[in-house]
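Below is one structure, written out as structure tokens; the observations come after it.
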Amino acid sequence: MRVGILTGGGDCPGLNAVIRAAVLAGTQRHGMEFVGFLDGWRGVLEGDAVPLDEDRVRPLLAVGGTVLGSSRTNPLADGVQEGVARIRKQLAELGVDALLAIGGEDTLGVATALHEAGVPVVGAPKTIDDDLSATDATFGFDTAVQTAVDACDRLVTTGASHHRAMIVEVMGRHAGWIALHTGMAAGAHVTLLPEEDVDLDEVGATVRAVLERGQAPLIVVSEGAKVHGDEAVKNAPRDAFGHVQLGGAGDALEHEIVARVPGLSTRVTVLGHLLRGGTPSAADRILATRFGLSAVEALAAGDLGTMASLRGVDVVQVPLAEATGVLRTVPESRRAETAGLRW
Ligand code: F6P
């Protein structure tokens with residue numbers, strides 16, 4: 001069997017570890033051959049592929065990003081039938097029998113449509129946002145949170161020296177998992193998520209109370225937090241999957257805090273893509289490797305239209321369609337855990 005691998009959507013630490021595990025296990029256990037499609041679905045649409053063999057992938061375990069490149073190309077943007085026909089043609093020309101699509105809800109949404117059209121495909125879920133409902137965790141999230149916490153630990157010391165409120169904006173478009181876990185691990189005094197309404201007066205009161213206790217306030221805010229009633233948009237034009245570019249939540253929050261705590265010195269740090277870069281944590285290397293192994297076994301067993309998923313401590317294959325069903329947002333119970341506490 002000849003398998004084409006692609007990585008689509010926003011990159012994240014651990015993508016290369018999936019590729020490595022899939023190629024090594026597929027080659028050694030099942031005699032599969034692999035090619036890598038470049039830049040996500042663009043490479044599949046255009047037949048832009050490179051060979052992937054054991055020597056190519058062995059060094060990739062700890063390498064950040066994706067050696068295949070990524071894009072937000074939507075191959076079905078001009079219609080499902082047209083997209084599927086183009087993909088089928090390219091796969092036939094390259095002699096590719098099946099696809100392993102590694103991506104988030106957009107990439108796996110395309111994979112689901114391809115499966116429904118009869119194209120042999122399996123998936124592996126990735127997103128630093130950890131917001132896919134069909135898996136208990138995605139690789140990349142652990143690394144992203146650790147990177148954000150390291151940054152907060154540094155910002156806290158300089159904030160304290162200058163008696164400043166430090167505002168840290170982290171990724172998280174619709175789900176605030178990165179902000180929630182960063183806030184918890186860094187000891188933030190205020191954490192704002194996309195899932196909840198923002199009470200600016202309460203934020204101001206908390207900041208004042210923290211200052212009165214002699215602490216420097218640390219405020220973690222998701223990029224998708226609705227500081228002014230809606231998410232802050234930096235660039236309105238939508239990408240091929242309909243997403244606008246977010247940005248400005250931290251600045252908007254700074255403005256509102258200063259208005260409520262006159263004379264307060266503040267600084268905003270936008271961590272943004274720092275959270276997507278760099279070498280994956282040990283936990284992410286393991287999860288990514290297990291996802292790659294599971295996806296290859298599914299291909300070998302003909303368990304098509306499925307994706308690797310962490311359920312408890314087990315990695316199992318679940319229907320691809322589940323990946324894109326409902327976004328896994330932060331539930332009220334997780335927000336309630338820390339509500340009202342003075343850190
Ligand atoms: O992968 C999801 C994500 O990390 C979001 O949190 C963020 O809004 C988005 O990617 C930004 O991606 P890009 O700048 O690559 O379009």
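The values are calculated or read from the model by the stated rules, or taken from the named source; none is laboratory data. Only a predicted model underlies this, so the values are computations on that prediction, with no experimental measurement involved. For neighbour counting, all protein chains shown are included, and Cβ atoms are generated from backbone atoms with ideal geometry for every residue, glycine included. Side chains are part of the model used for accessible areas, which takes the heavy atoms of the whole protein and leaves out ligands, DNA and RNA. Shrake-Rupley method; radii C 1.70, N 1.55, O 1.52, S 1.80 Å.
For the ranges 89-97, 37-45, 126-134, what's the packing order if you count other beta-carbon atoms within 10 Å of each residue, average per peptide, and put the highest first? Don't jump to the answer; show the numbers that get you there.
Details: 89-97: 15.3, 37-45: 24.4, 126-134: 26.0.
Ranked by mean Cβ neighbours within 10 Å, highest first: 126-134, 37-45, 89-97.
Kirkwood Rh over Cα pairs of region 74-155 into Stokes-Einstein at 4 °C, 1.567 mPa s: D in µm²/s? Write out the running numbers ahead of the final one.
Details: Rh = 14.6 Å.
Estimated via Stokes-Einstein, D reaches 89 µm²/s.
Would you mind pulling out the separation of the Cα centroids of region 295-343 and region 151-194, in Å?
Using only Cα atoms to place each centre, the spacing works out to 25 Å.
Take peptides 279-291, 243-255 and line them up by average Cβ neighbours within 10 Å, highest first, as a rough protection proxy. Numbers along the way, then the final one.
On the way: 279-291: 21.5, 243-255: 19.4.
The peptides rank, most packed first, as 279-291, 243-255.
Tell me, what is the percent relative contact order of the chain, built from C-alpha pairs under 8 Å that lie six or more residues apart? Walk me through the numbers before you get to the answer.
Working: 789 pairs, mean separation 77.6, N = 343.
Reported as a whole number, the value is 23 percent.
In region 79-231, how does Rg compare with the Kirkwood Rh, expressed as the Rg/Rh ratio over alpha carbon atoms? Provide the component values of the computation, followed by the final result.
Numbers: Rg = 21.3 Å, Rh = 18.0 Å.
With Rh from the inverse mean 1/r over Cα pairs, Rg/Rh is 1.18.
Which lysines does Lys226 reach when only Cα atoms under 19 Å apart count, and residues fewer than 8 places away in its own chain are ignored?
Reachable lysines: Lys234.
Please compute the alpha carbon radius of gyration of the chain, then divide it by the globular-protein estimate 2.2 N^0.38 Å. Two decimals is fine.
Details: Rg = 21.5 Å, N = 343, 2.2 N^0.38 = 20.2 Å.
Cα-based Rg divided by the globular estimate yields 1.06.
I want to check the label-to-label distance for Val80 and Ala339. Put each point 7 Å from Cα in the C-beta direction and report it in nm to one decimal.
Calculated label separation equals 4.0 nm.
For region 81-97 and region 15-33, write down the distance between their C-alpha centroids in whole Å.
22 Å
What is the sum of charges, Lys and Arg at +1 and Asp and Glu at -1, for the other residues whose Cβ falls under 11 Å from the Cβ of Ser133?
Values: positive: Arg328; negative: Glu105, Asp130, Asp131, Asp136, Glu322.
Local charge sum for Ser133: -4.
Please give the helix 177-186 orientation as an angle from the longest Cα principal axis of the chain, in degrees from 0 to 90, rounded to the nearest 10.
The answer is roughly 50 degrees.
Taking each pair of different alpha-carbon atoms in region 163-243 once, compute 1/r for the pair, average those values, and report the inverse of that mean as the Kirkwood hydrodynamic radius in Å to one decimal. Before the final figure, lay out the partial values.
On the way: mean 1/r = 0.0745 Å⁻¹.
Answer for region 163-243: a Kirkwood hydrodynamic radius of 13.4 Å.
Summing Lys, Arg as +1 and Asp, Glu as -1, what charge do residues with Cβ under 13 Å from the Cβ of Pro262 carry, Pro262 excluded? Provide the component values of the computation, followed by the final result.
On the way: positive: Arg208, Arg260; negative: Glu256.
Residues close to Pro262 contribute a combined charge of +1.
Rg(Cα) of region 170-293 divided by 2.2 N^0.38 Å? Present the calculation step by step, with values, prior to reporting the outcome.
On the way: Rg = 16.4 Å, N = 124, 2.2 N^0.38 = 13.7 Å.
Output field value: 1.20.
Which order do peptides 195-204, 162-171 fall in by mean Cβ count within 10 Å, highest first? Provide the component values of the computation, followed by the final result.
Working: 195-204: 15.5, 162-171: 23.3.
Those peptides, ordered most packed to least, come out 162-171, 195-204.
Let me know the Rg and Dmax you get for region 1-126 when you use only its Cα atoms, in Å.
Gyration radius and largest Cα-Cα distance of region 1-126: 13.3, 39 Å.
Mind pulling the angle between the C-alpha long axis of helix 249-260 and the longest principal axis of the chain? Nearest 10 degrees, somewhere in 0 to 90.
Taking Cα atoms only, the helix is inclined about 10 degrees.
How large a share of the accessible area of the chain, in percent, is made up of carbon and sulfur atoms when the probe is 1.4 Å and the other protein chains stay in place? Numbers along the way, then the final one.
Numbers: 7160 of 14100 Å².
Answer for the chain: carbon and sulfur cover 51 percent of the accessible area.
Quickly work out the Asp48-to-Arg238 label distance, labels modelled 7 Å from Cα along the C-beta direction, and quote it in nm with one decimal.
2.5 nm
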